[in-house]
Amino acid sequence: GAGVSQTPSNKVTEKGKYVELRCDPISGHTALYWYRQSLGQGPEFLIYFQGTGAADDSGLPNDRFFAVRPEGSVSTLKIQRTERGDSAVYLCASSFGDRGYDYGYTFGSGTRLTVV
Amino acid sequence: DQQVKQNSPSLSVQEGRISILNCDYTNSMFDYFLWYKKYPAEGPTFLISISSIKDKNEDGRFTVFLNKSAKHLSLHIVPSQPGDSAVYFCAASALTFGNEKLTFGTGTRLTIIP
């Protein structure tokens, strides 16, 4: 597609449930990033993939959060035992990799997760 | 601790005038800086970037200035247009150290008054 696609755009779940958030990056982009934006804050880094491997997962807040990118394209962010504090907009971005900074990387519109 | 700070949550500017958005950082390892613009219900859109080897970068109506000694950067928009009304985020990375992640500020909401 033309841009980074994230599904669903909105997700409401009950506390304690499991959720999956999907990201389809721009075709050909090797680097993929997940960020989380809470109300009134800037995006906060979660994890970065280069190809299929997680090159930096230092931003994942705890072991309830996990992300995969099995074929080097689509990525899924998985959150177990959701808590109300997980409510935020989850943003995905992709780039060509190490030259992505010349153009910034391209963000999707995000998934708004609400845990009730 | 907030390593990238945007101390003005909001700014209003008359159409046609200059908008100046400010950003301060504390981490001396940051060597690449970017500005993003965000409309409601959309993801951030890249505007302009600057490497620490430069002190100025210009792209059309947008200019970013970097003062490394003060750990301060600013985004100038001139002339300001109604379509510039959005939230602007400053972001930084330690690219030379192989760190791909961006650290964002909390944003400044810019309103252009027609």
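Every number here is computed from the coordinates shown, using simple stated rules; none is lab data. Owing to the predicted nature of the structure, the values given are computational and were not obtained by experimental measurement. Note: ideal-geometry Cβ built from the backbone for every residue, glycine included; neighbour counts use all protein chains shown.
Ignoring the sites themselves, chain A has its longest run without trypsin sites (Lys or Arg not before Pro) in a DSSP loop having at most 16 other Cβ atoms within 10 Å at A:18-63.
Note on A:K78: aspartates and glutamates with a C-alpha under 14 Å away, same-chain residues under 8 apart excluded, are A:E20, A:D57, A:D63, A:D86. For chain A, modelled as a GNM with alpha-carbon contacts under 10 angstrom, which of A:T76, A:T13, A:T106 fluctuates the most? It is A:T13.
Comparing B:K56, B:K101, B:K68 in a Gaussian network model of chain B, where Cα atoms under 10 Å apart are tied by springs, the biggest mean-square fluctuation is seen for B:K101. Using a Gaussian network model on chain B with a 10 Å cutoff between Cα atoms, which of B:A92, B:A41, B:A70 fluctuates the most? Its mean-square fluctuation being the largest, the pick is B:A41. When +1 charges are put on Lys and Arg Cβ atoms and -1 charges on Asp and Glu Cβ atoms, the dipole computed for the stretch A:5-115 relative to its Cα centre reaches about 420 debye. Karplus-derived 3J(HN,Hα) values for the stretch A:63-78, using 6.51 cos²θ - 1.76 cosθ + 1.60 with θ = phi - 60°, are 6, 6, 9, 8, 9, 9, 8, x, 10, x, 10, 4, 10, 10, 9, 10 Hz; glycine and proline are entered as x. For the stretch B:4-113, a simple Cβ point-charge model (Lys and Arg +1, Asp and Glu -1, everything else neutral) yields a dipole of about 180 debye relative to the Cα centre.
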